[in-house]
Structure formats: structure tokens, C-alpha cells
Ligand SMILES: [Zn+2]
Ligand SMILES: [Zn+2]
């Protein structure tokens, strides 16, 4: 999506997941906060009449974890559903969002965009409906537990054309026989906020120094006063962080959220509970009963199976970061998953490390885990030509996986 640099007017391409604008011309770096959902439109077919109406769809992208037949499954989802209550229009856009070019809706685009009537239904509701339909069709039971991580919700407008008494799909020109023109024409148009995005300078709120971050970073760092800042609405909020220190600085540090939550539906208050739940080969020490359990969740996007593997390994390791340690001079992987989104994966992470699966997995739908607090910890990794390795935790992962994860 092409934008203009607010300082010099040069064109800048921004992605939905970008949090920082870097202008290649005047070198300004600005922190972005989005208002509302991103909105895109699909171009009408060439041979169709001009002035189509644009029908709104909700589009969801993210990782879906589910638990079916006592097995944890995952997939990367990209789905859409109609945002109008009107019958006869296609219920989803199918593969169109991936296959066709999306254009941004800006306040200056003069076209007739219909306003979404239905609010965004959580993908679990939509997916749940689909599961139920598939259950009716092929006898599969519905997924008993499903959760969505790293979600991006946007509005996508697809054109329809009115020709006489007929409504046509505005891309292929196929008739939509069960829609009458008057039902569409009576619907209200959408109004767009003038300012879809606000830009703020990347300066430390505490000391005024330049903040450091990559374009998809949701946490910015100040090297001058050793502080970390997370985007909150239109401002920045301080985040506690620590670094797992090694004698020699590592070439790579991966960020993890250490999350404290109040679990219900399962006993998981203390480190002792965690050791018992995971059935770790350790004798539970009395003081572990008072040590609060913290779950470690990757603070960056990565393929779903690795996301769970990392969360499980770090949670079971229960290492300590040093909250006073200086920031490593380089190699900090950007934080691209906000703590609230990371917290969505607490229950599925419990499912990944807890045993026995037979009794644990059926309980997942009843488990609640509201977040009580969080902090960030940078964990050092050694790097070889192909892999990143954390020898103490016994973890290794392919280097490509980190780059691929940034595209989710
Ligand atoms: Zn500029
Ligand atoms: Zn500072």
C-alpha cells in the first residue's frame, strides 16, 4: 500500500503489519498507530460498467491452533466473510484476496463503498460454523478448542454491478440471481476516518533519545536510558525487560514474553504446579509452591509448530533474565507480537507441555487464563550457517524460519 512521507511527501510503501515508517528520501523515521481496520478494494472487471457498488467483507489472517481428536493442529489462515446481512451475495471471497491485486481505500477514493452491517465475527465463530457444517457433511466432530494468534482483521470491498433488474458480480460479470438491486441500493455508504494512521516521532518518552526498532517492531528500544516501549493506542508505554546473560555476547537474541496469568479450569499457579503438570523428572522443592508459574511465549511471529515448540521449551526451562543487564549491542530480533496476542496462546501452550494429553486436551475449552502481568526477556542463541542454537535449553531452529515468520 503506497503512502506519502508526512515530512517530505515521498512515496513510501507500508504493509498492514508495519509499525514504523522509514522514508528513503528524507530519512525520517516515524512510529505509526492505525485507527480502525485496514480497508482494501478489489478492482472491477474491465468489461463491466463503471460506478459499481462495493460490498464489504471482513478478512482475517493469522495462525489457528485447534485441538481435535486429542491432537494439537495448526494452520495459517486467510479467510473472509460477508459483512452484510443480505442473502444471495457470496458468503466469502474465496481465493480472491490472495489472487487479485488489493488497493487501499483512502479518504480520496471516490466510490460507493457499502458500510459493514455485521460486526467482525471472531474467526472462531466463523470457523466453528464451518466445522459444524463439515460435521453435518462428513461426520467429523467439531473442533472442541480453537484459538487465533497474530490476527490481522481488515475490510475488503468487492464490486457488484447493477444492470437493469440484475445484480452482477463486479469482477467476473456473473449474475447473482437471488439479489435484487433495490436491496443493495437502500444500504448506507461507509464513511472513512480522515486520519487512518497517525505518525509520531520515534523519540524515547523518558529521555528524548532516538528509539530503535525495525518496521514490524511493536516494541521500541532506547539505548540511552535502557528502556523498552510498546505501542499503546496512539502512544508508547514502558515495558519491563531482561536479558539472559552469557559470558560472551551472542550473535542473536530472540524475544519472549514471560506471562503470569490467573488460570482457572486447571491448577497452574506455582512453578511446582507446572512441574507436576508437565511431569518433569524433578523432585518438587517446597519453595517451588510459592514461586509463581510464568509461561514463556515467543514475542515474534514464526511458523505455528515452531511457535509451540519454542513456548514449550522455554516454559519448561524457566530461565531467569537479568533485569539490569545492558542491551546487547546487536542481534536483537524484533518483537512483532504484542503481549495481548501472545497471551491468546497461553492455553494452547499448556496443551503443548502438559500431560497426560488424554485428560488434559478435552479440558481445554474450560480453561481460562486472564493475563496478570508480563515482561520481555531476550534469550541468546548461537548461530551457524543454517541454524540458531540455544545449547542450555537444547533448542535449535532453522535460520530461515525466522525470516519466513516475519511474513506471516
Ligand atoms: Zn520523507
Ligand atoms: Zn530513553
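No lab work stands behind these numbers, since they all come straight from the coordinates. The structure displayed is predicted, hence computed values, not measured ones. All Cβ positions, even for glycine, are placed from backbone atoms using ideal geometry, and neighbour counts span all protein chains on display.
Take each peptide in 382-389, 369-376, count the other Cβ atoms within 10 Å of every residue, and average; sorted highest first, the result is 369-376, 382-389.
Working ranking of peptides 166-176, 398-408 by packing, defined as the average number of other Cβ atoms within 10 Å per residue, highest first, is 166-176, 398-408. The angle separating the long axis of helix 304-317 from the principal Cα axis of greatest extent in the chain is about 20 degrees.
Rounded to the nearest 10 degrees, the angle from helix 123-138 to the longest Cα principal axis of the chain is 80 degrees.
Using every pair of separate Cα atoms, the Kirkwood estimate puts the hydrodynamic radius of the range 240-405 at 16.4 angstrom.
What order, most packed first, do the peptides 88-101, 289-302 have when packing is the mean number of other Cβ atoms within 10 Å of each residue? Let's see the in-between values first.
Values: 88-101: 14.1, 289-302: 21.1.
Put in order of decreasing packing, that is 289-302, 88-101.
Looking at the chain, the DSSP beta bridges with both ends there are about 90 percent antiparallel. Defining a contact as two alpha carbons under 8 Å apart and six or more residues distant in sequence, what relative contact order in percent does the range 192-313 show? 15 percent. Structural size metrics of the chain, computed from C-alpha coordinates, are Rg and Dmax of 24.0, 79 Å.
When only alpha carbons are used to place a centre, the range 311-352 and the range 148-200 end up 40 Å from one another. Look at 180, 55, 105 and count the other Cβ atoms within 10 Å of each Cβ; fewest to most, that gives 180, 105, 55. Could you please state, rounded to a whole Å, how far the C-alpha centre of the range 228-273 is from the C-alpha centre of the range 274-298? If you average the Cα positions of each part, the centres end up 17 Å apart. Rounded, prolate or oblate: which fits the range 168-248, taking a ≥ b ≥ c as square roots of the Cα gyration tensor eigenvalues, rounded meaning a/c under 1.5, else prolate when a/b beats b/c? Prolate, since a/c reaches 1.5 and a/b exceeds b/c.
What 222 nm value per residue comes from the helices of the chain, counting each DSSP H run with n ≥ 4 as -39,500 (n - 2.57) and dividing by all residues, nearest 500 deg cm²/dmol?
Details: 9 runs with 71 residues, N = 408.
Taken over the chain, the calculation gives -4500 deg cm²/dmol.
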